[in-house]
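The values are calculated or read from the model by the stated rules, or taken from the named source; none is laboratory data. In this text, all values refer to a predicted model and were calculated from it rather than measured experimentally. Ideal geometry is used to build each Cβ from the backbone, glycine not excepted, and the neighbour counts take in all protein chains shown. We work out accessible area using only protein heavy atoms, side chains counted, and drop any ligands, DNA or RNA first. Shrake-Rupley method; radii C 1.70, N 1.55, O 1.52, S 1.80 Å.
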Amino acid sequence: MNLFFRMLIIIFSARKQDAVALVDKRSDRFRVWLHDLGWRDHLPNYRVFSFMELGRFGIWHSSRLALSGRYGLRMIAAQDFIYLKPIRPFQAFTMTTEILSCDDKYFYYQHQFFCGNKLVAIGLVKEIALKSGKAVAPHSLLTADSELNGSVMVDLDNRVLHPVVENWLAMQQAIKENS
């Protein structure tokens, strides 16, 4: 229930502010409360993925694409998370969310978690936008974003994939081939 209230706060604050480009980096501040904890004395991975989801909700609602009807839903195709340091109970942290790259089918996000100025965790997400069960090309959503917001069109399709994304996809492919 707590994450639901956090989601509402993010959506309402995003809608209250001026629209921003989909590719703009977003920062959200949170605090680890007792109900965020699992059996250990730090923020557990299942909760971290929920915070990452909140960051992506914020990006899409800040850009005004979430309610535009250009896509029906977004689905995660893969996600990965690396802990560098634990995030303790009652500790405040900032999570940044940005779209690193996209290809003809997927958006690739990076989430960075900071306690103060110290990077404590990094998450990667591969996500697809769907409408009526069919993939919506990221390029069409980026075009719609520039039309909705009057922002400069950032064409992530034609850029080379970010090196982190390239290596992550290579690891995923290796796992598939060795299964």
>> I'd like to check one number: the per residue accessible area of segment 4-55, probe 1.4 Å, reported in Å² as a whole number.
In response: 63 Å²
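Count of lysine pairs in the chain with Cα atoms under 13 Å apart, counting only pairs 8 or more residues apart in sequence or on different chains?
Numbers: 85/118; 105/126; 105/131; 105/134.
Number of lysine pairs found: 4.
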>> With +1 on the Cβ of every Lys and Arg and -1 on the Cβ of every Asp and Glu, and nothing else charged, how large is the dipole of segment 1-82 about its Cα centre, in debye rounded to the nearest 20?
In response: 220 debye
> Carbon and sulfur atoms: what percent of the 1.4 Å accessible area of segment 1-75 do they account for?
Replying inline: 59 percent
> So which residue, out of 162, 61, 111, gets the largest mean-square fluctuation from a GNM of the chain using Cα contacts under 10 Å as springs?
Replying inline: 162
> Which of 169, 146, 65 sits closest to the plus end of the dipole of the chain, meaning its Cα is farthest towards the positive end, when Lys and Arg get +1 and Asp and Glu get -1 on the C-beta?
Replying inline: 65
> Counting only the heavy atoms of the protein chains, how much of residue 33 is accessible to a 1.4 Å probe, in Å² to the nearest 10?
Replying inline: 110 Å²
> How much of the calculated P(r) for segment 1-68 lies past 15 Å, in percent of all Cα pairs?
Replying inline: 53 percent
>> Within 12 Å, Cβ to Cβ, of residue 66, how many net charges do the neighbouring residues add up to if Lys/Arg are +1 and Asp/Glu are -1?
In response: +4
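What net charge do the residues around residue 148 carry, taking every other residue with its C-beta under 11 Å from that of residue 148, with Lys and Arg at +1 and Asp and Glu at -1? Show your work: numbers first, answer last.
Values: positive: 64, 70; negative: 145, 147.
Net charge around residue 148: 0.
How big is the charge dipole of segment 20-179 about its Cα centre, in debye rounded to the nearest 20, if each Lys and Arg gets +1 on its Cβ and each Asp and Glu gets -1 on its Cβ?
About 480 debye.
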> For the chain, modelled as a Gaussian network with Cα springs under 10 Å, which listed residue fluctuates most, 22, 34, 148?
Replying inline: 34
>> Connecting C-alpha atoms closer than 10 Å in a GNM of the chain, tell me which of 50, 63, 101 has the biggest fluctuation.
In response: 50
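Can you give the Rg to Rh ratio of the chain, both from alpha-carbon atoms, with Rh computed by the Kirkwood formula? All intermediate terms of the calculation are to be shown ahead of the outcome.
Numbers: Rg = 16.5 Å, Rh = 17.1 Å.
Rg/Rh for the chain comes to 0.97.
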